[in-house]
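Below are the structure tokens for one structure; questions will follow.
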2 protein chains.
Amino acid sequence: MVRPGGRSARVQTSVHTAVRELEAELGRDALTVPLVAARAGVTPSTIYRRWGDLQELLSDVAVERLRPETPPEDRGDLASDLDAWAEQFLEEMASPPGRAYIRDALLGDPDGDNAGQCSAYAAEQIKVILARAAGRGEPTPDVETVIDRVVAPIMYRILFRPAGLDAPYARRLVAGLLAATS
Amino acid sequence: MVRPGGRSARVQTSVHTAVRELEAELGRDALTVPLVAARAGVTPSTIYRRWGDLQELLSDVAVERLRPETPPEDRGDLASDLDAWAEQFLEEMASPPGRAYIRDALLGDPDGDNAGQCSAYAAEQIKVILARAAGRGEPTPDVETVIDRVVAPIMYRILFRPAGLDAPYARRLVAGLLAATS
């Protein structure tokens, strides 16, 4: 539907940029659709037509920001790769901006597409780690098991039970997963 | 702060009841603070003072509805009790009303108190099941492990990865947990 490099893509880029700039300058709560439209150089109706409302726009921007920027680090074995990835995932998602993006992604997302995209980002990173391990001949769990054992507890606790979210917790989740795998 | 049986408790009851009645009669999207106030026989400012806005009120109502009404069933052994509880938990939370309450509980809850209460409800039910099993002399995992292994994957998938949420999935989570425990 969105033609890359076309007008639609240019509008998305300028509107997302306007949201990030205004958020940094004025803070989250000051954002309004007319303000974002003026900064982006589009009409408010363009934003309403495309995003519905501010909450859905903020959800799209949040998902963009939750997109991993680099492939997971290769430390030479599955346990080290998963430890490093899980620690970084927890650190990023549990940080104040991470929590705000997760909330925004969920709140302006009645149909669940953006939440699904957040989960797909994590699954893609995990698939890279598992494919590397399989290439080394290491026994590997499947990706859905890693989601259940490592990603789900971290995300559940961030949203519902925020105590004790530290690097040792992430490593305990990975150790428990691999004990069941090998 | 809220004196049980006092005015504050009466206001809460009448406002919560008004929300549930109007939701049933007019649907979620038709709710407004003045409408709820009129039905509850309070002033809108009473609602704004106590709840802040409609989203925070809906979050409180949602948490009330997510409160378990009965203790978990006693089927005579830990595996059966956890299977039955996890299946029912998944069925209730993944249902359309369950999903709507979870969303409401999270959305109108900037400080995370209501989300924490949802998690506390699940933890209380699990503690009852584990205490019973310990009384029978069965080996039992600790409650945080049950949260990580059973509750977290179900809630994560409801919010972020909704495919394949069925009773066999709940039982697989419980079986995996108990295989690691015994």
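State all residues of the range A:133-145 that are surrounded by 14 or more Cβ atoms within 10 Å (Cβ to Cβ) and farther than 17 Å from B:Ala175 by Cα; if no residue qualifies, say none.
If the condition is that a residue be surrounded by 14 or more Cβ atoms within 10 Å (Cβ to Cβ) and farther than 17 Å from B:Ala175 by Cα, then A:Ala133, A:Glu138, A:Thr140, A:Val143 are the ones that fit.
Is it the case that the range B:162-169 has a residue that's modelled with pLDDT of 95 or more and under 14 Å from A:Phe160 (Cβ atoms)?
Within the range B:162-169 (the criterion being modelled with pLDDT of 95 or more and under 14 Å from A:Phe160 (Cβ atoms)), the answer is no, since none of the residues qualifies.
Does B:Asp148 meet the test of being under 30 Å from A:Leu58 (Cα atoms), within 11 Å of chain A (Cβ to nearest Cβ), surrounded by 22 or more Cβ atoms within 10 Å (Cβ to Cβ) and in contact with a Pro (Cβ under 7 Å, 6 or more places away or on another chain)?
Yes.
If a residue must be free of Cβ contacts under 8 Å to residues at least 24 places away in the same chain and away from chain A (no Cβ under 12 Å), how many such residues does the range B:133-145 contain?
Qualifying residue count for the region: 4.
Could you tell me which of the residues B:Ala30, B:Ala62, B:Ala38 is small (Gly, Ala, Ser), outside the structural domain of B:Gly176 (by TED's automatic domain parsing), out of contact with any strand residue (DSSP E or B) (no Cβ under 9 Å at 6 or more places or on another chain) and open to solvent by 70 Å² or more (accessible area, probe 1.4 Å)?
B:Ala38
Is it the case that the range A:109-118 has a residue that's away from every other protein chain (no Cβ under 13 Å) and free of Cβ contacts under 8 Å to residues at least 12 places away in the same chain?
no
Here is a further query. Taking the range B:151-165 as the search range and keeping residues that are in contact (Cβ under 8 Å) with a residue 24 or more places away in the chain and more than 8 Å from chain A (Cβ to nearest Cβ), which one is most open to solvent (accessible area, probe 1.4 Å)?
B:Leu165
If you check A:Leu130, A:Leu178, which single one turns out to be surrounded by fewer than 21 Cβ atoms within 10 Å (Cβ to Cβ), more than 10 Å from chain B (Cβ to nearest Cβ) and touching a residue at least 60 places away in the same chain (Cβ under 8 Å)?
Of the residues listed, the single one that is surrounded by fewer than 21 Cβ atoms within 10 Å (Cβ to Cβ), more than 10 Å from chain B (Cβ to nearest Cβ) and touching a residue at least 60 places away in the same chain (Cβ under 8 Å) is A:Leu178.
Can you confirm whether B:Tyr169 is open to solvent by less than 20 Å² (accessible area, probe 1.4 Å), in contact (Cβ under 8 Å) with a residue 60 or more places away in the chain and either hydrophobic (A, V, I, L, M, F, W, C) or within 12 Å of chain A (Cβ to nearest Cβ) (or both)? Outline the logic, then answer.
Working: open to solvent by less than 20 Å² (accessible area, probe 1.4 Å): yes; in contact (Cβ under 8 Å) with a residue 60 or more places away in the chain: yes; either hydrophobic (A, V, I, L, M, F, W, C) or within 12 Å of chain A (Cβ to nearest Cβ) (or both): yes.
Spelling it out, B:Tyr169 is indeed open to solvent by less than 20 Å² (accessible area, probe 1.4 Å), in contact (Cβ under 8 Å) with a residue 60 or more places away in the chain and either hydrophobic (A, V, I, L, M, F, W, C) or within 12 Å of chain A (Cβ to nearest Cβ) (or both).
The values are calculated or read from the model by the stated rules, or taken from the named source; none is laboratory data. Remember, predicted model here, so these are calculated numbers, not experimental data. Reconstructed Cβ throughout: ideal geometry from the backbone, glycine too, with neighbour counts over all protein chains shown. Note: areas computed on protein heavy atoms with side chains; ligands, DNA, RNA excluded. Shrake-Rupley method; radii C 1.70, N 1.55, O 1.52, S 1.80 Å.
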